[in-house]
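Asker: The structure that follows is given in the form of structure tokens.
The values are calculated or read from the model by the stated rules, or taken from the named source; none is laboratory data. All values derive from a computational prediction rather than experimental measurement. Please note: Cβ atoms are built from the backbone with ideal geometry, for glycine as well, and neighbour counts cover all protein chains shown. Ligands, DNA and RNA are excluded from the accessible area calculation, which covers all protein heavy atoms including side chains. Shrake-Rupley method; radii C 1.70, N 1.55, O 1.52, S 1.80 Å.
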Amino acid sequence: MKIRGWYKKHPVAVVVGVFLLADVCLIAFDGESLTGSLLGTALAALVTLVALAAFVPQTLQRRRSSSHRARLPQPFSCALVVALVVFAGLVGGLLDVVCIGNVSRETLPGLFANILSSMISCDFARVALAVALCIATALFEEGFFRGLLVPCVAVRTTALRAAVVSALVFGALHVLSAVPVPAPTPTPESALSLDFAVLSASAVLKTIQATLFGFCMAALFLRTGSIWMCVFAHAAFDALYFAPHIVILGELPMTYLSANPLDLAVLAVTIVLLLLPSGKCLRWLRSNVVTYTSLDE
């Protein structure tokens, strides 16, 4: 089809155009509210999925033949990588519970008892909105960063370089689009300096975390030739990672940066946990000697 030829001949222009259009969708709604975030993200996801259907429809197929995948000789367990990534999200969510308990000076058993009671009496409509937001975010980010960006790079270089490039862009945009959490009360200059140091460290750690996560998702995409396993892993990671805020605080974190030193521990631990699946993906991708050929088929 002619429209698919545009992406093959001018992939960068198509990727940038889709990103700008999706970004307009994201900022068109009130990002401070859960409903507004869901509407904006869902519209951005719809734009991305339409672009995939038009330019690289093979990435939307549930199962792909081996000829559509990056041809890498070494074995690679997608299920293991997904399990390790989701486990990192679960641990991050549990650690967030501990951080919330330290801030509220509540004992851990009492905090988990409150979580259980909150789950029983929680607003299920709010939780449903949060879960829907996680799914919409996964559809948008996996559709764009893996479905569009990875093939754009991979057809011109190795699968490893394509995964690295897409992961670096993914990690950088996660921090560049974040809004720091302001200090709740006026603080002295020394405290402001500490807040700045914590925010800076948070930005560095968040970039590393998102980059490792994006690298794993890129490897999954290159292995399967489809975005759907990536969407599942991404949505599960986000849902588990943000669950404590949803259940305990009644809100979904609207930013990736924080001036709370305890949040650095959550980022640091999840980074360590993501190193294992990232290492497995790296060893597999280093065996690649053939470029990704999906656009030519």
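Asker: Quick one: what pairs do we get from the stretch 200-222, first residue farther than 23 Å from ALA159 by Cβ, second open to solvent by 10 Å² or more (accessible area, probe 1.4 Å) and at pLDDT 95 or above, C-beta under 7 Å, 6+ apart or different chains?
Answerer: LEU205/ILE271
Asker: In this structure, is VAL155 at pLDDT below 80 and either closer than 22 Å to THR48 by Cα or surrounded by fewer than 22 Cβ atoms within 10 Å (Cβ to Cβ) (or both)?
Answerer: Here the answer is yes, as VAL155 does meet what is asked.
Asker: Same structure again: Give the residue that is modelled with the lowest pLDDT, with candidates limited to residues of the stretch 28-71 that are of a type in the set (Ser, Thr, Tyr), part of a helix (DSSP H, G or I) and open to solvent by 40 Å² or more (accessible area, probe 1.4 Å).
Answerer: Looking at the filtered set, the residue picked out is SER67.
Asker: Count, please, the residues in the stretch 10-27 that happen to be open to solvent by 70 Å² or more (accessible area, probe 1.4 Å), within 22 Å of the chain's Cα centre (by Cα) and not β-branched (Val, Ile, Thr).
Answerer: Residues that pass the stated criteria total 2.
Asker: Scan the stretch 254-274 and tell me whether some residue there is open to solvent by 60 Å² or more (accessible area, probe 1.4 Å), modelled with pLDDT of 90 or more and at negative phi.
Answerer: yes
Asker: State whether one or more residues within the stretch 21-31 are in contact (Cβ under 8 Å) with a residue 12 or more places away in the chain, in contact with a helix residue (DSSP H, G or I) (Cβ under 8 Å, 6 or more places away or on another chain) and of a type in the set (Asp, Glu).
Answerer: Within the stretch 21-31, one or more residues are in contact (Cβ under 8 Å) with a residue 12 or more places away in the chain, in contact with a helix residue (DSSP H, G or I) (Cβ under 8 Å, 6 or more places away or on another chain) and of a type in the set (Asp, Glu).
Asker: So, one more: Could you tell me whether VAL290 is surrounded by fewer than 19 Cβ atoms within 10 Å (Cβ to Cβ), touching a Lys or Arg at 6+ places or on another chain (Cβ under 7 Å) and at pLDDT below 95?
Answerer: yes
Asker: Oh, and also: Run down PHE221, PHE196, PHE232 and say which single residue is open to solvent by 40 Å² or more (accessible area, probe 1.4 Å), in a helix (DSSP H, G or I), at pLDDT below 95 and not charged (D, E, K, R).
Answerer: PHE196
Asker: Condition (residue is more than 27 Å from VAL14 (Cβ to Cβ) and modelled with pLDDT under 70) applied to the stretch 91-99: is it met by at least one residue?
Answerer: no
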